[in-house]
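A.B. asks: Structure in structure tokens, see below.
The values are calculated or read from the model by the stated rules, or taken from the named source; none is laboratory data. Everything numeric in this text was worked out from a predicted model, so none of it was measured. Glycine gets a Cβ as well: all are built from the backbone with ideal geometry, and neighbour counts include every protein chain shown. The protein model used for the area step is the full one, side chains on, heavy atoms only, and it has no ligands, DNA or RNA in it. Shrake-Rupley method; radii C 1.70, N 1.55, O 1.52, S 1.80 Å.
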Amino acid sequence: AAAPPPPPASAAAPSASAGAAAASEMASELALAEAAAAMPTPEEVPAGCLLHMLLSLLLQQPPTSLYLLGLASCVHKWVQASAPAEQRLVASHPGFVRFVLERLLDPEPTEPQLQVFFDLLAELIKFNPPLMTTVQDALLDSSLAGGAASDLFISRLLDHPVDASILVQCIALTLAPEASPLRGMRALASLGLAPPEPVAAAAAGMTPKLSALRRHGPLADAARGSLAQVVTRRRVELARALVAAASDGDLSVETMCVINAAILFFLLADLDGRGERGGERRCGRVSLLDAVCEASGVGASAGEVHGGARREGEARSLGGEEASEDVPALSEEARSLLEGFGRLLRFWGEVYHSHSCERRFLE
């Protein structure tokens, strides 16, 4: 069912008291999160505890087990939004990382096996560059998939963009921790990888400079891995696949995850400051959209169409008798892609406007 339409502007504007209450609640949540992060985490999962039982049972399941996906989902929820020490705790369980990769490399995975294990792997490495390197190194193990694990894994990721959307999103965020001051920068700080200045800058709402961390150290090591290289170098292909994968005829939780991953690529393009074209500095978001459209067929770029329409509107508003020069049309494929994504973004806005809990989680 379609989400209810957003309330009128008068109802949407929160009162000062409501804003203060929300700020107070957020401060309480942050205090609880900091207290939880300060609690010591053991180096190994204690034998006999619930987590140990879940991990041990999961690793005992064959690919055909009826309990495989249920147990994997339990572990996924355990590591979701967890601290780096807790991610490391789960990943250090003997055989766990290899087991997850094997299930993602199964010759004929059943539905929804890929999505469940992609999601689990995503939360395991999110904002944790050392663990991301561990996973990428494990894919180079010659005993895994006959030595072709890395190539096969990348093929799976590219061939199943919907199932892998959260993993793609988490890889991109791990490589750009400054995009998330509350999670990314704090995770780097707890790992001892970020000096105080960038963390303080992020907390103050400024974009921290991490150029030194990207040249050497764990963040640089993670960026050199095969998965990081795919997400970085093939971002246009991935963004286009995500934009095209979601269908407004199949709106679901999975659809929202795909839209979020697609939006993230455009936000990170702005954050990266990328957007050089013809010697003219451009908005990274617009430049990425241009590239996505151009990958969808020959025709004018989205930025050219947008700019031309704006110039035409300006000419008319100034009383000009003639509009600006003709703007070349988008290819049919690119136009269809953009129109479909526009409908999805409207649905996305309605859902998050009317569901405050999900909206705060997204933020």
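A.B. asks: Quickly run through segment 65-84 and pick out the residues that are in contact with a Ser or Thr (Cβ under 8 Å, 6 or more places away or on another chain) and either under 26 Å from Glu111 (Cα atoms) or open to solvent by 30 Å² or more (accessible area, probe 1.4 Å) (or both).
C.D. replies: Passing the criteria: only Ala83.
A.B. asks: If I go through segment 153-171 residue by residue, how many of them are part of a helix (DSSP H, G or I) and open to solvent by 10 Å² or more (accessible area, probe 1.4 Å)?
C.D. replies: The number of residues fulfilling the criteria is 7.
A.B. asks: Mind telling me which of the residues Asp119, Asp137 ends up being in contact with a His (Cβ under 6 Å, 6 or more places away or on another chain) and in a helix (DSSP H, G or I)?
C.D. replies: Details: Asp137 fails: in contact with a His (Cβ under 6 Å, 6 or more places away or on another chain).
Just one listed residue meets the conditions, Asp119.
A.B. asks: Taking segment 24-74 as the region of interest, how many residues are assigned to a loop (DSSP other than H, G, I, E, B) and either modelled with pLDDT under 60 or polar (S, T, N, Q) (or both)?
C.D. replies: Qualifying residue count for the region: 6.
A.B. asks: Further question: Just to be sure, is Ser180 of a type in the set (Ser, Thr, Tyr) and surrounded by 20 or more Cβ atoms within 10 Å (Cβ to Cβ)?
C.D. replies: So Ser180 does not fit the description; no.
A.B. asks: Can you pull out every residue in segment 206-229 that is in contact with an Asp or Glu (Cβ under 9 Å, 6 or more places away or on another chain) and either at pLDDT below 90 or assigned to a helix (DSSP H, G or I) (or both)?
C.D. replies: Scanning segment 206-229 gives Thr207, Pro208, Lys209, Leu210, Ser226.
A.B. asks: Now for a separate question. Tally the residues that are among the hydroxyl-bearing types (Ser, Thr, Tyr) and touching a Cys at 6+ places or on another chain (Cβ under 7 Å), restricting the search to segment 144-177.
C.D. replies: 1
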